[in-house]
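To keep things clear, I will list the structure first and then write my remarks on it.
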Amino acid sequence: MWTILAIFIALLVGVALVFNQLVQARQMVSNGWADIAVQLKRRADLIPNIVDTVKAYAQHERQLFIDVTEKRNAALSAGDNPKARGAAEGALAQPVTRLLAVAEDYPDLKASQNFLDLQNELSETEDKIEMARRFYNGAVRQYNTKVESVPSNLVAAPFGFKQADYFNIAEEDYAVPTVDI
């Protein structure tokens with residue numbers, strides 16, 4: 001009788017430990033996503049300032065400004081789904097790169113301290129987004145490994161732990177954007 005009770009208690013303790021590890025891994029995924037969201041918001045807030053600054057110098061680039069604004073709004077409305085957000089953020093990267101290339105064509109704009117500050121902030125934000133993506137995807141990898149591995153998968157399935165999505169960009173967004181000046 002004591003042996004059966006000891007085995008049952010050991011099993012319960014084991015399930016509790018595995019459950020807590022899964023919860024901890026899921027929290028790391030949530031934390032990683034929150035870091036990405038903060039940096040994406042920062043980038044979204046910087047873009048209108050850059051657009052306004054460049055717009056003052058380049059009145060004839062109206063379609064580019066419309067494109068940047070539309071893609072920014074689409075990225076903001078993509079929500080917290082990593083697949084949808086990754087696609088929307090990837091689509092935003094191309095017109096922003098074109099916008100910065102257009103700015104190169106205006107020497108007065110390039111010399112503007114306001115524009116240079118905004119450009120530096122955007123560059124730093126892009127670096128922070130990249131670091132946050134790496135952290136998030138690493139947390140997702142660890143979490144998904146726990147969800148799929150034995151014995152934790154025996155605990156994960158009944159308690160509703162499901163795999164998380166990686167934050168990826170669409171394949172077409174890997175291409176170098178074309179700059180049409």
Query raised in the report: Given the pairs K41/K71; K41/K146; K41/K83; K71/K162; K128/K162, which span a C-alpha to C-alpha distance of over 21 angstrom in this model?
Result: K41/K146; K71/K162; K128/K162
Query - Amide H contacts of A164 (H built 1.01 Å from N, under 5 Å, at least 5 apart or other chain) - result: N144
Query - Probe 1.4 Å - accessible area at Y166, Å² to nearest ten - result: 90
Requested in this report: Please label the shape of the chain as rounded, prolate or oblate, based on the square roots a ≥ b ≥ c of the eigenvalues of the alpha-carbon gyration tensor (a/c under 1.5 means rounded; beyond that, a/b larger than b/c means prolate, else oblate).
Outcome: prolate
Requested in this report: Quote the accessible area belonging to D117 in square angstrom, nearest 10, computed with a 1.4 Å probe and with ligands, DNA and RNA left uncounted.
Outcome: 70
Query - With eigenvalues of the C-alpha gyration tensor scaled by 5 and rooted, the stretch 19-82, Å - result: 36, 11, 5
**Report entry** Degrees separating the helix 113-148 axis from the principal Cα axis of the chain, which is the longest one
**Finding:** 20
Query raised in the report: Put F115, F135, F159 in order of accessible area, largest first, 1.4 Å probe: what do you get?
Result: F159, F135, F115
Query - J(HN,Hα) series, the stretch 89-105, from Karplus relation 6.51 cos²θ - 1.76 cosθ + 1.60, nearest Hz, glycine and proline x - result: 5, x, 5, 6, 4, 5, x, 5, 4, 5, 4, 5, 5, 4, 4, 4, 7
Report task. From largest accessible area down, sort M131, M1, M28; use a 1.4 Å probe on the protein chains. Result -> M1, M131, M28
Query raised in the report: Of K41, K71, which has the most accessible area with a 1.4 Å probe, and how do the rest follow in descending order?
Result: K41, K71
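The values are calculated or read from the model by the stated rules, or taken from the named source; none is laboratory data. Bear in mind the structure is a predicted one, so any value in this text is a computation, not a measurement. These area figures cover heavy atoms from the full protein model, side chains too; ligands, DNA and RNA do not enter into them. Shrake-Rupley method; radii C 1.70, N 1.55, O 1.52, S 1.80 Å.
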